[in-house]
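Working notes, beginning with the structure itself.
The values are calculated or read from the model by the stated rules, or taken from the named source; none is laboratory data. Note that the structure is a prediction, hence the values are computed from the model and not measured. Ideal geometry is used to build each Cβ from the backbone, glycine not excepted, and the neighbour counts take in all protein chains shown.
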Amino acid sequence: MQIKQVNKIIDNLFLGDTLAMRTLSCNVDKNGDDTVITSFQCNMAQMKTTDIKLPTVIQYVLDDNGIVKSVELMDNFKGSQGISCAHGYLNKRLKEIVSGISFKEDKNILRDDVAFFCRHTFEVTAASVSFYRYLQANGLSEGAFYEETRADETEAGLLVVDKLACNDIHLNTEEKILFSPSNIKMTNDGKIGSLMDFKVIGTILKDAKTIDCFEETIKHENTPELVIMSMMRLFNYPWKRVGRELGIKRNFMCTNLVPSSVYGVMVQAIALTLFPNNYNYFQHAMAGLQRNNDVPLCAGMVVNFEEIKKYFPGLEKYMF
């Protein structure tokens, strides 16, 4: 797939009445002896006057042995935190991490998310590696997947619908997330600090036919750490179940159903439910996801130049 085709897809993405949406896509094509992988993620959120659109497009070129010959973060990249999500800096870091590694065999690329200095470039890379390995395991040299995850507000909470098309397989996961806004307390640093009576009722469909149902409830958690642990357990089942349906038992990363990913979409939607049309609070909620114990987990979450010097040396050169 050509980059201009990807950009057209991103340009045509539209939220409508949806609160928050995340798309994820990967196209693997042969070009002589090389393999070209063109992947993107696009996060969107609903504001009063406009839709926020944050794309991450990356193209990888692999040799016949799956070694990365070149990689490029396209210049339409846009992070949620403005100038500290500096394209030039994150592209440089991406090249340092990915160039020369084996998409077939490298064991660390799917684990060390913080090393990328950006959650988005890690997620796109992990999805690309995972899908490439899926194709290899099935004796395929080319293929494509496209996924769209939408979170809509309902009277009882949220409806999160994930639609995944992987080659000729179509899987939908529908999750009714039931909660009362009064039972969710946010902390000063943007995290969900406590919640009560948080319930998920889910259905998984393959080619429009129901293949599984699930139901989970969090009765009460009163610290951010316990909330996150419970949420990861809550969203683990549909992730694993869809992976098994595709024949991927381990490292199923080419999906938004990864618990940390779907949790991110849900937190965005909850923030927009509690504080409608407030982009400052939307950014604050993102900071809650990407700061831990006052340490920024990505370049976008720095709060001063001291943090830049300590955690992301050289970032300031790309910010202005």
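Observations, loosely collected:
- Extreme residue, nearest to the chain's Cα centre (by Cα), among residues of segment 240-278 that are surrounded by 16 or more Cβ atoms within 10 Å (Cβ to Cβ) and small (Gly, Ala, Ser): 261
- Every residue from segment 92-120 that is on the phi > 0 side of the Ramachandran plot and in contact (Cβ under 8 Å) with a residue 60 or more places away in the chain: 117
- Residue list for segment 299-313, restricted to those being farther than 19 Å from residue 188 by Cα and in a loop (DSSP other than H, G, I, E, B): 312, 313
- When residues of segment 132-171 are limited to those that are within 26 Å of residue 45 (Cβ to Cβ) and of a type in the set (Phe, Trp, Tyr), the one nearest to the chain's Cα centre (by Cα): 146
- Taking the criterion of being outside any strand (DSSP E or B) and surrounded by 15 or more Cβ atoms within 10 Å (Cβ to Cβ), the only residue of segment 168-183 that qualifies is 179.
- Of all residues in segment 61-78, none satisfies being closer than 23 Å to residue 162 by Cα, crowded, with 16+ Cβ neighbours inside 10 Å and at pLDDT 95 or above.
- Residue-level check: of (1) closer than 30 Å to residue 296 by Cβ; (2) touching a helix residue (DSSP H, G or I) at 6+ places or on another chain (Cβ under 8 Å); (3) surrounded by 15 or more Cβ atoms within 10 Å (Cβ to Cβ), residue 227 misses just (2).
- Close pairs (6 angstrom Cβ cut-off, 6 or more residues apart or separate chains): over 12 Å from residue 132 (Cβ atoms) in segment 30-45, part of a strand (DSSP E or B) and among the acidic types (Asp, Glu) anywhere: 44/51
- Out of 116, 103, sole residue that is touching a helix residue (DSSP H, G or I) at 6+ places or on another chain (Cβ under 6 Å) and closer than 18 Å to residue 27 by Cα: 103
- Criterion violated by residue 197 - all others in (1) out of contact with any Leu (no Cβ under 6 Å at 6 or more places or on another chain); (2) of a type in the set (D, E, K, R); (3) in contact (Cβ under 8 Å) with a residue 24 or more places away in the chain; (4) part of a strand (DSSP E or B) satisfied: (3)
- Tally, over segment 257-282, of residues that are at pLDDT 85 or above, in a loop (DSSP other than H, G, I, E, B) and within 16 Å of residue 180 (Cα to Cα): 0
- Within segment 58-90, the set of residues being polar (S, T, N, Q) and within 24 Å of residue 133 (Cβ to Cβ) comprises 59, 65, 70.
- Residue match in segment 112-123 (condition: modelled with pLDDT under 95, surrounded by fewer than 22 Cβ atoms within 10 Å (Cβ to Cβ) and outside any helix (DSSP H, G or I)): yes
- Enumeration of residues in segment 41-64 that are out of contact with any His (no Cβ under 7 Å at 6 or more places or on another chain) and within 18 Å of residue 95 (Cβ to Cβ): 57, 58, 59, 60, 61, 62, 63
- Inter-residue pairs, beta-carbon under 7 Å, first closer than 20 Å to residue 24 by Cβ and in segment 167-180, second in a loop (DSSP other than H, G, I, E, B), 6+ apart: 170/207; 173/257
- Of the residues making up segment 133-151, those that are surrounded by fewer than 23 Cβ atoms within 10 Å (Cβ to Cβ), of a type outside the set (Gly, Ala, Ser) and not in a strand (DSSP E or B) number 6.
- Some residue of segment 81-88 being in contact with a strand residue (DSSP E or B) (Cβ under 6 Å, 6 or more places away or on another chain), not in a loop (DSSP other than H, G, I, E, B) and not hydroxyl-bearing (Ser, Thr, Tyr): no
- Check on residue 231, of a type outside the set (Phe, Trp, Tyr), touching a residue at least 12 places away in the same chain (Cβ under 8 Å) and over 24 Å from residue 127 (Cβ atoms): no
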